[in-house]
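> I have a structure here, written as structure tokens, and I will follow up with some questions on it.
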Amino acid sequence: MASGLPHPLLLAPLAGMDSITINGEVVNFSHVFYTWIAMAILFTLAFLVRGQIKLVPGKLQNVFEVIIGGLEDFVVGNIGEDGRKIFHVLIALFLFIITMNLMGLVPGFDAPTANVNTNAAMALFTFGYYNWIGLRRWGVGYIKHFCGPFWWLTPLMLPLELISHCARPLSLTLRLFGNIRGEEIVLILFFLLAPLVGTIPIYFLFGLAKCLQAFIWFMLSMIYLKGSLEHAH
């Protein structure tokens, strides 16, 4: 743990999944292990909801309808009807990230998003996806999104836009990593200072913060996709 803090008792070391050996080198594997657990949780919930879909929704179906329906309306309200075509990717990212974030509040688990590699993989996917959507819609004309409003500004705007777009995966990665890892360290500090009095109240605050970080990723991805779908000016 950073800054000399003792590492909490986690499930990955107990299961022997904290590291693996590849070509004679020991590689950290715990974040992949916890990512698999997050995936298993989401698949389990999906099958449970799918098997109990009713005209009068139950509690679990109601929760997912509120989340998915509300976010879909938010996307359509900002992008238009084209938003429905890419919403499945956005909601998958949101549910995946919020699940991984909240895992850090469960005793014995760690948040996979507290590892920079997890976030970098999702950031590169987001970067590739919105550019692929732009290319699929506009073809070669997608380059106009990087050239500025006037042709004579192209020599200036093109390198600036390319640098700006290439910085987006780095920004997404470090923002999520810094916030989640910082919260994990602060939570351990509170636990060391006051195991119950200091930790339990902070759970609610950090739970909100982790949900907010998932929504920020969702919203930024939506903005990037909106830009790639809009006509270049």
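> Quickly run through the stretch 25-40 and pick out the residues that are open to solvent by less than 80 Å² (accessible area, probe 1.4 Å) and either assigned to a helix (DSSP H, G or I) or among the β-branched types (V, I, T) (or both).
V27, S30, H31, V32, F33, Y34, T35, I37, A38, M39, A40
> Evaluate the stretch 116-132: report whether one residue or more is surrounded by 15 or more Cβ atoms within 10 Å (Cβ to Cβ) and assigned to a loop (DSSP other than H, G, I, E, B).
The answer is no; no qualifying residue exists.
> OK, next. Pairs please, first residue from the stretch 155-168 and among the small types (G, A, S), second anywhere and open to solvent by 60 Å² or more (accessible area, probe 1.4 Å), Cβ atoms under 9 Å, 6+ apart in sequence or on different chains.
none
> Got at least one residue in the stretch 143-163 being in a helix (DSSP H, G or I), surrounded by 12 or more Cβ atoms within 10 Å (Cβ to Cβ) and within 25 Å of the chain's Cα centre (by Cα)?
Yes, the conditions are met somewhere in the stretch 143-163.
> Take A214 and decide whether it is modelled with pLDDT of 95 or more and open to solvent by less than 30 Å² (accessible area, probe 1.4 Å).
yes
> Name the residues in the stretch 108-128 that are without any contact (Cβ under 8 Å) to a residue 60 or more places away in the chain and either farther than 18 Å from L174 by Cβ or of a type in the set (K, R) (or both), would you?
G128
> Testing R175 on (1) open to solvent by 60 Å² or more (accessible area, probe 1.4 Å); (2) farther than 21 Å from F125 by Cα; (3) modelled with pLDDT of 80 or more, one condition comes back false. Which one is that?
Checking R175 against (1) open to solvent by 60 Å² or more (accessible area, probe 1.4 Å); (2) farther than 21 Å from F125 by Cα; (3) modelled with pLDDT of 80 or more, the one that fails is (2).
> Could you run through the stretch 140-154 and say how many residues are free of Cβ contacts under 8 Å to residues at least 24 places away in the same chain and more than 30 Å from F215 (Cα to Cα)?
Qualifying residue count, the stretch 140-154: 6.
> Name the one entry in E65, E81 that is among the acidic types (D, E), open to solvent by 30 Å² or more (accessible area, probe 1.4 Å) and part of a loop (DSSP other than H, G, I, E, B).
Being among the acidic types (D, E), open to solvent by 30 Å² or more (accessible area, probe 1.4 Å) and part of a loop (DSSP other than H, G, I, E, B) holds for just one of E65, E81, which is E81.
The values are calculated or read from the model by the stated rules, or taken from the named source; none is laboratory data. Only a predicted model underlies this, so the values are computations on that prediction, with no experimental measurement involved. Every residue, glycine as well, gets a Cβ built from its backbone with ideal geometry; the counts of neighbours run over all protein chains shown. All accessible areas refer to the heavy atoms of the entire protein, side chains included, with ligands and DNA or RNA removed. Shrake-Rupley method; radii C 1.70, N 1.55, O 1.52, S 1.80 Å.
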